[in-house]
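Below is one structure, written out as structure tokens; comments come after it.
The values are calculated or read from the model by the stated rules, or taken from the named source; none is laboratory data. Quantities reported herein were computed from a predicted structural model and do not represent experimental measurements. Note: ideal-geometry Cβ built from the backbone for every residue, glycine included; neighbour counts use all protein chains shown. Side chains are part of the model used for accessible areas, which takes the heavy atoms of the whole protein and leaves out ligands, DNA and RNA. Shrake-Rupley method; radii C 1.70, N 1.55, O 1.52, S 1.80 Å.
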Amino acid sequence: MKQLEKIAKCSTAIIATEYGNLPDVFQRHYFQQPAATLAVSSEILLAGLSNNTSYRRLSGLPKRAVRFTADCIIEPQDYLPKLSVVSWKDCVGMAMLPKGLLHPESQNEVLSCWLTNLSDRMAQVLHAYVADQVTPRLYLFPYHDFSARSEYRLAVSGGALLDARCYRQRQDFQAGYREAIKKWWLGLGDHVAQLEQPLLIDVVLDTSRGFAIIDVNPNLQLYQ
């Protein structure tokens, strides 16, 4: 229960970093915008959480079946799915939603399968939505293979860039990335101050605009 209590204490900060809740300046600088955004009801969220054994044990939630119905037909392509602020990166075979599964007649069954299979990490973070009684959204970002791209993590607080480090060094690595990132960050202007809480922002080099955001998360270590 202590894990869920910790998440509840910083629930507002977690929810604020969902793509749809970010300031426009952050959304515009994402590497790619979501191709589809689907509403997820509180009933569906609870049903998904109830299928995670750890969450069910901690919360006492009875297990329920997930029967999700999308409000539109999904265009078949490979997607990176994110449920609010979490992806399926630690669920084997589910980090990418392949276009071959997204036939109109079967898409709801496929999406229900994804929403049924939430890892312990995903379930704990999603408890923020239960605590605040907020409904999340399911984002389908066009899938992009970053295996050849260096990835950099920015520590930000109160709109100020505190640190930048390369956590995946690939063939496009630049030794002077810290200065390049600092210049890019300053170029975003005063809008960055709209997010006051401590953040971790992952970016990749994008020659057309300096850098592009691939993920935004609250720096939960500073909330514990």
Please specify each residue of the range 108-141 satisfying the condition of being of a type in the set (A, V, I, L, M) and either within 14 Å of the chain's Cα centre (by Cα) or at pLDDT below 95 (or both). Leu118, Met122, Ala123, Val125, Leu126, Ala128, Leu138, Leu140
Meets criteria (on the phi > 0 side of the Ramachandran plot, surrounded by fewer than 18 Cβ atoms within 10 Å (Cβ to Cβ) and over 18 Å from the mean Cα position of the chain (by Cα)) for Gly176: no
Going residue by residue through the range 11-30, is there one that turns out to be touching a His at 6+ places or on another chain (Cβ under 6 Å), outside any helix (DSSP H, G or I) and touching a residue at least 40 places away in the same chain (Cβ under 8 Å)? yes
Looking for something closer than 23 Å to Leu83 by Cβ and at pLDDT below 85 - is there at least one such residue anywhere in the range 169-182? no
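Quick check on Arg168: is it buried (at least 16 other Cβ atoms within 10 Å of the Cβ) and among the charged types (D, E, K, R)? Walk me through how you get there before you give the answer.
On the way: buried (at least 16 other Cβ atoms within 10 Å of the Cβ): no; among the charged types (D, E, K, R): yes.
Taking the combined requirement at face value, the residue does not satisfy it.
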Report every pair of residues separated by at least 6 positions or lying on different chains whose Cβ atoms are under 7 Å apart, first residue within the range 52-63 and more than 16 Å from Asn117 (Cα to Cα) and modelled with pLDDT under 95, second surrounded by fewer than 16 Cβ atoms within 10 Å (Cβ to Cβ) and not aromatic (Phe, Trp, Tyr). Leu58/Met1; Leu58/Gln3
Does Leu162 fit the bill of being within 28 Å of Gln197 (Cα to Cα), in contact with a strand residue (DSSP E or B) (Cβ under 9 Å, 6 or more places away or on another chain), free of Cβ contacts under 8 Å to residues at least 40 places away in the same chain and not in a loop (DSSP other than H, G, I, E, B)? yes
Criterion violated by Gln194 - all others in (1) exposed (fewer than 13 other Cβ atoms within 10 Å of the Cβ); (2) at pLDDT below 90; (3) of a type outside the set (Gly, Ala, Ser) satisfied: (1)
Would you confirm whether any residue within the range 47-68 is over 21 Å from Tyr143 (Cβ atoms), under 18 Å from the mean Cα position of the chain (by Cα) and not hydrophobic (A, V, I, L, M, F, W, C)? yes
Pair list, Cβ under 9 Å, 6 or more apart: the range 92-110 residue open to solvent by 60 Å² or more (accessible area, probe 1.4 Å), other residue among the polar types (S, T, N, Q): Lys99/Gln77; Leu101/Gln107
What about Leu49, is it out of contact with any strand residue (DSSP E or B) (no Cβ under 8 Å at 6 or more places or on another chain), open to solvent by less than 70 Å² (accessible area, probe 1.4 Å) and not acidic (Asp, Glu)? yes
